[in-house]
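S.K.: Have a look at this one before I ask anything.
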Amino acid sequence: MTAAFLYGGAGILLFALGLWSLLVHEPLLRKLIALNIMGAGVFHVFIAVAHRGDGTPPDPVPHALVLTGIVVAVSATALALALHNRLEQDASDSAQSTSTSTAGLLSGLSISPQSDIIRHE
Amino acid sequence: MTTDSLILPIALPLLGALLTTALPRIAPLLGVIAATLTALSGLWLTGQVWGGDALNIVLGGWGLPLGIGVAADGLSASLLAMSSLVGLGISVYAVGYFAGSDRGLHFWPLWLLLWTALNGVFLAADLFNLYVMLELLGLSAAALGALTGSREAVAANLRYLLVGLLGSMSYLLGVALIYTAYGTLDISLLSERIEPSALAATSVVLMTAGLALKAALFPLHFWLPPAHANAPAPVSAALSALVVKAAFYLILRLWTDLFANITTTGAAFILGALGAGAILWGSWRALRAERLKLLAAYSTVAQIGYLFLFFPLLQAMPPGPARDDLFAACVLMAVTHGFAKAGFFLAAGLVQKNAGHDRIDELGGAAQSMPATTFSIALAGSALIGLPPSGSFIAKWVMMRGAFETGQWWWLIVIVTGTLLAAAYIFRVLSRAFGQEPTPRCFVTDARAEIPALLLALSSVALLGLAAGPIWSLLGFEGVQT
Amino acid sequence: MNRDLSLLIGILVALLAVLLLGVFHSTLALDPGQRLASLALERLPESGVSNPVTAVLLNYRAYDTLLELAVLLAALLGIWSLGPARPGFQPAGPALAAMVDWVVPLAILTGGYLLWVGGHAPGGAFQAGALLGAAGVILRLAGNAGAGLPSEAWQRWLIVLGAGVFSLIGLLLALTGYGFLSYPPGQAKWLILLIETAATIAIGVTLAAAYVGGRPQMAQPPRSPLAPMADPEAKR
């Protein structure tokens, strides 16, 4: 119970940390990392729930759910990075400054392309 | 065998997606075949539910709670029928729209994956399976929305993807808490076990908030207009008509099935108030929109608002025929909007293709040279306003009666204001369309593209309005109590 | 972002965290007992594998895994729709090239081992596929622009292999009366191995192709200043 709470509680803290970072930070890469940290937090909770005390085999179902969740998170991250790359490429091709509209409520969720990704050239 | 066929509306588009990926040269042909088979299997399943009872199966032969359940009741079947017909219309339209373009190559597999996920959401009976389905839906929708490759489209859909991921994370944390407390993921088993508690309340808030973000409920709608307005026309139609409905369906399912005994009047009022905000804000922005597709996207924000107005009414209404009517009206509203908005976006896409732009103020000649398309916009528009005999007229009528009967008169003001604003933004488009140009020679100018749009718009008015009864019987209710 | 606003968001998120921690703690204290664990372990002998996690992934909840392969496919198709890949990196120097020459075969071999061992110990299709994908990443980092992948036509077949074999087996089982993805008694072991092998290849190719990050090009990339390295493919 204590071990499960410490581990799962850490997961909840990671979730909250990721949520805060996602809402507050502007650059896309930070938002994406924040989302992955949120995901890791939720996976922690699942793993903690699988724990059934020392010496007892853990519940395999949450373990399998987490494996599925990881692959889904990797896929989403890959697609987001590719979209971001495309935006960057456009920006460098047209050498035009970015003016993504950030109007609307919760503008913290808008994205501003950054040029801090590894260049391939 | 009948219960095994529950998997067909999911397996067929998936197989189609795999084949169109592997054989890109004949993708449109394979895509149309897969779309036709998917639509037929969906309609066949709807017929089964209509004729008999709810269907369900547990995959893998392990039974509950170890296996994953797939189930179709009246609510699932109604939305499945919508996704089948609207999806088929979009597919036929897409053949012409993407003909000779490299983008068609990418459209088909992604669109079929999107359709797989849609049907998967409507038929799922397992909370974690729903998470995977929602992610498949979100990823394929964002990829499709960025197909035009324009900077605005890529930026809008990147934001859409991130918002969708945030929604999924919130939903998944809710699922994790539910598994912690109740030790199962199956909706039917859970609905028997869930009791009012702090944990149940927290889960319902986390899951509803995540899904409301995906359903673009005001004020979480900020991502929708740019994402829907910048996508290619068939994709806009799919996103606005179908994809947001999946998230809405799930909220309705959770509130009426899973959390039925823990939702409170106060919580339902909050959803209703947000819906009211969506109606007023979405309609106002639609009225001010300069582009036809942006107008349609803001109109979606408003229409989603109407769907959420049903929650406080359903919560306050005691079980009985009056509540059944309200529930059926809610489904009818969602389905009608699906047809109408798909028809509207497809027609708007033709206008855009013909005129080279979709600025409302300069549409005059362009729209009038395509009578069938303009007629589609008018028909779909009348369903968006809620004019008789469209399906949304009946739905709004039942909704207003429900507001009277439960003493929540304040929603009437919202409904009436929203309807007036909708009339204003639709007539603003139509008044431009009927300019002083010479009358064109023929009604239909491009059959393959115009007919699907026209049929979808027509269905929203005629099929769902004059023959709304089937929705009631599909849901297992008696006829309309007027 | 405005400092005050981010402080406000921080406070709200911290309150949410406290609430969640409280709820989580009180729920764990109730201890609802076994959840699905005892049932999953009890029926393990019938599942065809002896690793309980593999039994959940490929048998009890195989449907989730099939869709997860579809999610991976959707991501790659989305990446391909965004245009051609960027040119690769410079060819590796002799030291890196020599290391790549033995790391890549080792990764592929280890992948095969993980696939096999997944039946009775931690491992399985995803771990094996991740290693194959990593081999592709290493190849691209070492200057092979295509990450050692075959032509586009072949890649298209390989990326659908996992979900394809999975869903075809599922549908065949439904047609023969067992039910979608319900393995007949005694046949589960080799059906799972078949599905896992196809899934491993598909996952490996998909991950490597996603790292390449664009539609594969048949000919020389027009804007690339660097020629892709000639022969690491021969060494696979």
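S.K.: For a bin width of 10 Å, list the pair-distance distribution of chain B built from all Cα-Cα distances, rounded to whole %.
M.R.: For chain B, the pair-distance distribution reads 4, 22, 33, 27, 11, 2, 0.
S.K.: Averaged across B:192-205, how many Cβ atoms of other chains sit within 10 Å of each residue's Cβ atom?
M.R.: Whole-number average of other-chain Cβ neighbours for B:192-205 is 2.
S.K.: Given labels modelled 7 Å from the Cα in the Cβ direction, how far is it in nm from C:E46 to B:N261?
M.R.: The modelled label-to-label distance comes out at 3.0 nm.
S.K.: Fully extended, how many nm does the chain gain between B:T36 and B:T417 (0.36 nm per residue separation, minus their Cα-Cα distance)?
M.R.: Here the segment from B:T36 to B:T417 would lengthen by 133.1 nm.
S.K.: OK, next. At a threshold of 8 angstrom on Cα-Cα distance, excluding pairs fewer than six apart, so keeping six or more, what relative contact order does chain C reach in percent?
M.R.: So the answer I get is 28 percent.
S.K.: Of the peptides C:168-181, C:96-109, A:11-24, how do they stack up when ordered by the mean number of other Cβ atoms within 10 Å, highest first?
M.R.: A:11-24, C:168-181, C:96-109
S.K.: Let me ask another. Can you give the percent of C-alpha pairs in chain C whose distance is more than 27 Å?
M.R.: Distances greater than 27 Å cover 51 percent of the Cα pairs.
S.K.: Take the Cβ-Cβ distance between B:F404 and B:E192 as r, set R0 to 25 Å, and report the resulting FRET efficiency rounded to the nearest 0.05.
M.R.: Once rounded, the FRET efficiency stands at 0.15.
S.K.: Can you list residues from other chains, or at least 5 along the same chain, whose modelled amide H is less than 5 Å from the amide H of B:R291?
M.R.: B:I360
S.K.: Here is a follow-up. Based on the Cα gyration tensor of the range B:1-131, what are the three equivalent ellipsoid semi-axes, each the root of five times an eigenvalue, rounded to whole Å and given largest first?
M.R.: Calculated on Cα positions only, the semi-axes equal 28, 16, 11 Å.
S.K.: Working from the pairwise distances between different alpha carbons, so that the mean of 1/r is found and then inverted, what is the range C:120-206's Kirkwood radius in Å?
M.R.: 14.2
S.K.: Next question. With r defined as the distance between the Cβ atoms of C:W157 and B:H357 and R0 fixed at 30 Å, what FRET efficiency is calculated, to the nearest 0.05?
M.R.: 0.15
S.K.: Over its Cα atoms, what ratio of radius of gyration to 2.2 N^0.38 Å does the range B:265-482 give?
M.R.: The range B:265-482 yields a ratio of 1.05.
S.K.: Count, for each residue of C:175-186, the Cβ atoms from other chains sitting within 10 Å of its Cβ, then give me the mean as a whole number.
M.R.: 4
S.K.: Next question. Rg to Rh ratio, the protein assembly as shown, alpha-carbon atoms and Kirkwood radius?
M.R.: Expressed as Rg/Rh, it is 0.95.
S.K.: Another question about this same structure. Peptide C:79-88: average number of partner chain Cβ atoms within 10 Å per residue?
M.R.: 6
S.K.: Once every DSSP H run of n ≥ 4 in chain C is given -39500 (n - 2.57) and the sum is divided by its residues, what mean residue ellipticity at 222 nm do you get, rounded to the nearest 500 deg cm²/dmol?
M.R.: -21500 deg cm²/dmol
S.K.: So what is the relative contact order for the range A:2-92, in percent, with contacts set as C-alpha pairs under 8 Å and at least six apart?
M.R.: Taking the mean separation of contacting Cα pairs over the length of the range A:2-92, I get 27 percent.
S.K.: Go through B:9-21, B:170-182 and give me the packing order, highest mean Cβ count within 10 Å leading.
M.R.: B:9-21, B:170-182
S.K.: So who's got an amide H within less than 5 Å of the one on C:R215, skipping anything under 5 residues away but keeping other chains? H placed 1.01 Å off N, in plane.
M.R.: C:G83, C:A85
S.K.: Right, here's the next one. Taking amide hydrogens as modeled 1.01 Å from N in the peptide plane, which residues meet the under 5 Å criterion relative to B:I68, leaving out close sequence neighbours?
M.R.: For B:I68, the qualifying residues are B:L59.
S.K.: Which FRET efficiency value, to the nearest 0.05, do you get for C:V103 and A:L29 by plugging their Cβ-Cβ distance into 1/(1 + (r/R0)^6) with R0 = 35 Å?
M.R.: 0.80
S.K.: Return the distance in nm (one decimal) between the two label points of a simple spin-label model at C:H25 and C:W190, each offset 7 Å from Cα along Cα→Cβ.
M.R.: About 5.6 nm separates the two model spin labels.
S.K.: Here's another thing I want to ask about it. For the residue pair A:S94 and B:F427, what label-to-label distance in nm results when each label sits 7 Å from Cα along the Cα-to-beta-carbon direction?
M.R.: With each label point 7 Å from Cα toward Cβ, the separation is 3.9 nm.
S.K.: Taking a spot 7 Å from the Cα of B:I270 along the direction of its beta carbon, which residues of the range B:169-188 have an amide N less than 11 Å from it?
M.R.: Output list for this probe position: empty.
Laboratory data are not the source of any read-out in this text; all were calculated from the coordinates shown. Worth saying up front: this structure is predicted, and the values here are computed from it rather than measured. Here Cβ is always computed from backbone atoms with ideal geometry, including for glycine, and neighbour counts include all displayed protein chains.
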